Amino acid sequence: MTPHFDVAVIGGGIVGLAHAWMAARRKRRVVLLERTAVAEGASVRNFGMVWPIGQPAGELHAVSMRSRDLWLELGGQGAVELESCGSIHLAHRPDELAVHEEFCSLRTHETRLMTPGEVTRATSLANPEGLLGGLWSPTELRVNPRVASARIAKWLAETQGVECHFRTPVVGVDAGQVRASDGREWRADRVIVCSGSDLRTLYPDVFADCGLALCKLQMLKSVAQPVAADAGPVPHLASGLTLRHYTAFRDCPSLTALQARIADESSELDRYGIHVLTSQFPNGEVILGDSHEYGDEIPPFDKTAIDDLILRESKKVFRLDDWTISERWSGIYAKHPELPVFEFATDDGTLIFVGPGGAGMTMSFGLADRAWKHWEGES
């Protein structure tokens, strides 16, 4: 007999986990289906940054803060290890400092300016040479992306009653009937497809027409750096290059001049969408990145030149005792040019929910919470 559930979620990455949790919170009987042994797509190939500072003022920032609250709830429940570390945008150029000042004056996010001395006292990873100051935000969190999805899935199964099936590629969905490659089937009143860039496999026609673009990023990890025994969580750090990447800073008048200066000095950074961030984990390892190649430009091979540019720019603003790189990797995610996430209902009622772009760790829980409130008519 085909098992019947209230909700079937296809995809065990952070977006799928968010929907499974939001359904379970509403006492729904949930089955989660993931094609691999553990989620190994975009959800594990990132910084582990929960990054509200990057979201523009208004609804999207509010969604990111709701997502942050839900992450903290998961941490409090023991589902995942979490660090409340905050972030610092470093200013090594006058136009970067100008954007910091303008952003603070908008009062849309919880931020304050830091002096160079305050920055270097807060973190030894900031390069003090030429440092003009920093923009502090207390809202950012750190999770370990390599294990977070697996631990959340385990917690959902053990405490929330979610039935999880890994190594279960879904090959067909038809009016609530979900079929796996091994012939097993499930029925559900609501089916939610959260398959990320793999949407092009399960729903190629939808993917072709929806406007989603694929983005490839390259990232690196250093060998462990010294960490003081009494040190608290190390803040995430971002360079001035990052100001041109996140839409939160779009209303700062000095941003235009900053963008023009970078394009004039280093057009190769715009070509590969490079801005540099760093995150140090409790074991001392530091993740560095990243780059952005879109659509038809995405090759199957990583570019050494991109890694070299990331390291070149990182060494200008960050300071490591040892720049030996222990790991290099790339990832691909789907991003919509206009929407924070792509939502679509097929003719048979299947709900497609994919493409939070590079903000999946930041936005997924808040976006899923918003979606479920809408679906259920909650205030």
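The values are calculated or read from the model by the stated rules, or taken from the named source; none is laboratory data. Please read all numbers here as calculations on a predicted model, not as lab measurements. Methodologically, a virtual Cβ is constructed for each residue, glycine included, from the backbone with ideal geometry; neighbour enumeration extends over all protein chains shown. Ligands, DNA and RNA are stripped out before the accessible areas are found, and what is left, the full protein with its side chains, is counted by its heavy atoms. Shrake-Rupley method; radii C 1.70, N 1.55, O 1.52, S 1.80 Å.
The table for this structure:
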{"quantity": "Odd one out for residue 43 among (1) touching a Gly at 6+ places or on another chain (Cβ under 7 Å); (2) modelled with pLDDT of 95 or more", "calculated": "(2)"}
{"quantity": "Matching entry among 302, 348, 308, 296 (being among the charged types (D, E, K, R), open to solvent by 60 Å² or more (accessible area, probe 1.4 Å) and in a loop (DSSP other than H, G, I, E, B))", "calculated": "302"}
{"quantity": "Those residues of region 211-229 which are closer than 30 Å to residue 297 by Cα and surrounded by fewer than 19 Cβ atoms within 10 Å (Cβ to Cβ), in sequence order", "calculated": "211, 213, 221"}
{"quantity": "Filtered residues of region 235-260 (kept if part of a loop (DSSP other than H, G, I, E, B) and open to solvent by 60 Å² or more (accessible area, probe 1.4 Å))", "calculated": "245, 250, 251, 253"}
{"quantity": "From the options 284, 273, 232, residue that is in contact with a Pro (Cβ under 8 Å, 6 or more places away or on another chain), surrounded by fewer than 21 Cβ atoms within 10 Å (Cβ to Cβ) and not in a helix (DSSP H, G or I)", "calculated": "284"}
{"quantity": "Selection status of residue 372, on the phi < 0 side of the Ramachandran plot, open to solvent by 20 Å² or more (accessible area, probe 1.4 Å) and of a type in the set (Phe, Trp, Tyr)", "calculated": "no"}
{"quantity": "Those residues of region 197-229 which are of a type in the set (Gly, Ala, Ser) and either touching an Asp or Glu at 6+ places or on another chain (Cβ under 6 Å) or part of a strand (DSSP E or B) (or both), in sequence order", "calculated": "213, 222, 224"}
